[in-house]
Amino acid sequence: MTDEKRSRAGNGDDSIYWDKSKNRYIGAISLGFTPAGKRSRPKVSGKTKAEVRAKLREKRKELEVGVKSSATYTIEQAVRAWLSQGLKGRDAGSISTYTSMAENHVIADLGKARLKDLTADTVDCWLDEKSISLAKSSMEMILSILRRSITHAQRRDLILRNVAELVDLPEGQSGRPSKSLTLEQAKSLLTAQRDTWVHVYVAVSLLVGIRTEEVRPLTWDRVHLRPVGGVAPHIEVWRSVRRRGETKTVKSRRTLAMPRQLVETLESYQAEQRKRREGLGLPWTATDLVFGTSSGEQRTAENVRRNFRVLLKGAGFPDPKQWTPRELRHSFVSILSDHGIPLEKIARLVGHSTSQTTEKVYRKQIRPVVTDGAQAMDEIFFRCVDSGTD
């Protein structure tokens, strides 16, 4: 291609010229001089003058609103900036989940692309591909990560608009449905490995119905094994592993009576825990975690899940990996409902705002209704024990 002369432009006008060394047209915007006396002249390039003119118009729009987009700023850089600066105050578990999803999906698939070149069509195609293998909840998370990362870049004037806000989320795959233990399965768990902490963890989760995130941070000062002021032995469900320790909802903060057999189990477990910690030369206090590690630290969700599946295997479950600790709560709801407890009472026990969530999400068995929580659990699980049979 022959050289083309630069068109003469007035002060402040855009100019377009052919650059032989780059074999491309170059467009430049004259912005005068910086405070340091250096000429400010942002440039764009393209194969045709029309392409360059379009880029100059886009650059003008950005400059008018104070955006300083970079031709080299990638999606990976935007996502990592959000991960490091946009998750302040989140608990370690949430940060770990976001980081894993960002690394394995957003960065792995889109990371090398330049942020300024990302289009809604590209995001649409990416989501369509991910919907083949990911569940809807995972789809929602990866799109949220991309949107929030771009918004984070917008707030720092690195990009003009957020194209991820312009796309709709595909349906995705159906997640693994939750299930409930049968009464016989629940009984087998309550008799397996009685001398382990995970047995007691399962007993608390299954017989009182509190969330796994509420069991892990439970301390002994919230577990009352003796009647207090005429109130039966109970557990104060006032904390969770969430940020700042708050429970999931206001109604999740509740005080629950314990079945008699659970009280006896916890008494024995507490005595054993005291003895074990004294043997290690560690003090025992009422503020210690009920299900802490040997050094008194809070257990991770993965640690609980791994030990729970060991318990399942010992109880004769054919495929322990098909079960998660949260399904103990589903089982609590289902077994009580199956025994005749009104849904409204079960909803209060599990901390739901209404009985709709209890019915639609948690209840797996249905029968007509009658009596009340801790008393019913004693009758369901331990009437046979009292009569001398197992």
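Take residue 58 and decide whether it is modelled with pLDDT under 80 and touching a strand residue (DSSP E or B) at 6+ places or on another chain (Cβ under 9 Å). So residue 58 passes the test.
Okay, residues lined up against (1) part of a helix (DSSP H, G or I); (2) at pLDDT below 80:
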| site | (1), (2) |
| --- | --- |
| 329 | yes, no |
| 337 | yes, no |
| 341 | no, yes |
| 357 | yes, yes |
| 361 | yes, yes |
| 368 | no, yes |
| 371 | no, yes |
| 381 | yes, yes |
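Filtered by the rule that a residue be surrounded by fewer than 14 Cβ atoms within 10 Å (Cβ to Cβ) and at pLDDT below 90, the range 299-320 gives a lone residue, 302. Return the total of residues in the range 216-235 being closer than 12 Å to residue 290 by Cβ and in contact with a Leu (Cβ under 9 Å, 6 or more places away or on another chain). The total comes to 8. Residue 88 falls short on exactly one of the conditions (1) over 22 Å from residue 149 (Cα atoms); (2) modelled with pLDDT of 70 or more, and that condition is (1). The set of residues in the range 33-55 that are modelled with pLDDT of 85 or more and either of a type in the set (A, V, I, L, M, F, W, C) or assigned by TED's automatic domain parsing to the domain that holds residue 102 (or both) contains only 50.
The lone criterion from (1) over 28 Å from residue 43 (Cα atoms); (2) part of a loop (DSSP other than H, G, I, E, B); (3) more than 23 Å from the chain's Cα centre (by Cα) left unmet by residue 89 is number (3).
Among the listed residues 163, 200, 215, which satisfies the condition of being crowded, with 18+ Cβ neighbours inside 10 Å, in contact (Cβ under 8 Å) with a residue 40 or more places away in the chain and over 28 Å from residue 138 (Cβ atoms)? Result: 200 is the single residue among 163, 200, 215 that is crowded, with 18+ Cβ neighbours inside 10 Å, in contact (Cβ under 8 Å) with a residue 40 or more places away in the chain and over 28 Å from residue 138 (Cβ atoms).
The values are calculated or read from the model by the stated rules, or taken from the named source; none is laboratory data. What you are looking at is a predicted structure, and each value in this text was computed from that prediction instead of being measured. Cβ atoms come from the backbone with ideal geometry, glycine included; neighbour counts cover every protein chain shown.
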